[in-house]
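Before any comments, here is the structure.
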């Protein structure tokens, strides 16, 4: 099986398709699947197009969907559908409100005037009915583990800017709460602290790969003109989030097993 792996598409459907086309996804006549390591929506303006594309792949059994922290943000917002929650600053700044408006075909004014109507429209979208239920915490092959942020682990905050990560005995049996926390982890930091699988490479998204190139390889800045958003590879890790909103690209790595 050949796997085309991306992460953090964030609503940029055209860029995703361009990346897949470049790698040969659409012309591949051998068994193959797309793996999306979380964060389908928020920030980009092609949520409806992306929703339709993912639905097509689901029907053909050509996609594996990992749940990301932005999927959790959307569910969190819907769990508190009254006006105040919809308009919380983090829901706006992370693009979650815009995703809801795109997928429901509504306007921001509708959230002010009738938030419950928007809520019920969102609950009936293909994303909520078909895509979200298809998402998993992780996917595993013989040589790779695919997650969003990282595998569940423990952490201690040393100061406001530093966190140290520690492995747990069996992350595969982690609780829903532990998986929720893991979706927010910077996998590059966790891997540096030794939270890896000795026999497999963990492929993750969530945190821009330029962070690893800057901090651990010290070969560029994190966001400057010289920033490198190509996949970051370290011991036990492949971090592939290209920070698409900045780089205007989506990394796609191809794995055959």
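At-a-glance table
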item	result
Residue within region 214-237 that is touching a helix residue (DSSP H, G or I) at 6+ places or on another chain (Cβ under 9 Å), modelled with pLDDT of 95 or more, surrounded by 12 or more Cβ atoms within 10 Å (Cβ to Cβ) and within 14 Å of residue 38 (Cα to Cα) present	no
Residue satisfying condition, being assigned to a strand (DSSP E or B), buried (at least 20 other Cβ atoms within 10 Å of the Cβ) and out of contact with any helix residue (DSSP H, G or I) (no Cβ under 8 Å at 6 or more places or on another chain), within set 145, 185, 156, 202	145
Residue check for residue 181: free of Cβ contacts under 8 Å to residues at least 40 places away in the same chain and touching a strand residue (DSSP E or B) at 6+ places or on another chain (Cβ under 9 Å)	yes
Lone qualifier among 177, 248 - being surrounded by fewer than 15 Cβ atoms within 10 Å (Cβ to Cβ), modelled with pLDDT of 95 or more, under 21 Å from residue 43 (Cβ atoms) and within 21 Å of the chain's Cα centre (by Cα)	248
Among residues of region 205-245, those that are under 14 Å from the mean Cα position of the chain (by Cα), within 20 Å of residue 166 (Cβ to Cβ) and not in a loop (DSSP other than H, G, I, E, B), counted	1
Count of region 83-110 residues which are modelled with pLDDT under 75 and within 18 Å of residue 128 (Cα to Cα)	2
Within region 5-14, tally of residues that are more than 10 Å from residue 252 (Cα to Cα) and crowded, with 20+ Cβ neighbours inside 10 Å	6
Only one of 50, 16, 34 that is over 21 Å from residue 182 (Cα atoms), in a helix (DSSP H, G or I) and touching a strand residue (DSSP E or B) at 6+ places or on another chain (Cβ under 8 Å)	16
Which numbered condition residue 43 fails, given (1) farther than 17 Å from residue 134 by Cα; (2) assigned to a loop (DSSP other than H, G, I, E, B); (3) without any contact (Cβ under 8 Å) to a residue 60 or more places away in the chain	(3)
Subset of region 97-138 that is more than 15 Å from residue 77 (Cβ to Cβ) and in contact with a strand residue (DSSP E or B) (Cβ under 9 Å, 6 or more places away or on another chain) - its residue that is surrounded by the most Cβ atoms within 10 Å (Cβ to Cβ)	138
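The values are calculated or read from the model by the stated rules, or taken from the named source; none is laboratory data. Note that the structure is predicted; figures quoted are calculated from it, not measured. Glycine gets a Cβ as well: all are built from the backbone with ideal geometry, and neighbour counts include every protein chain shown.
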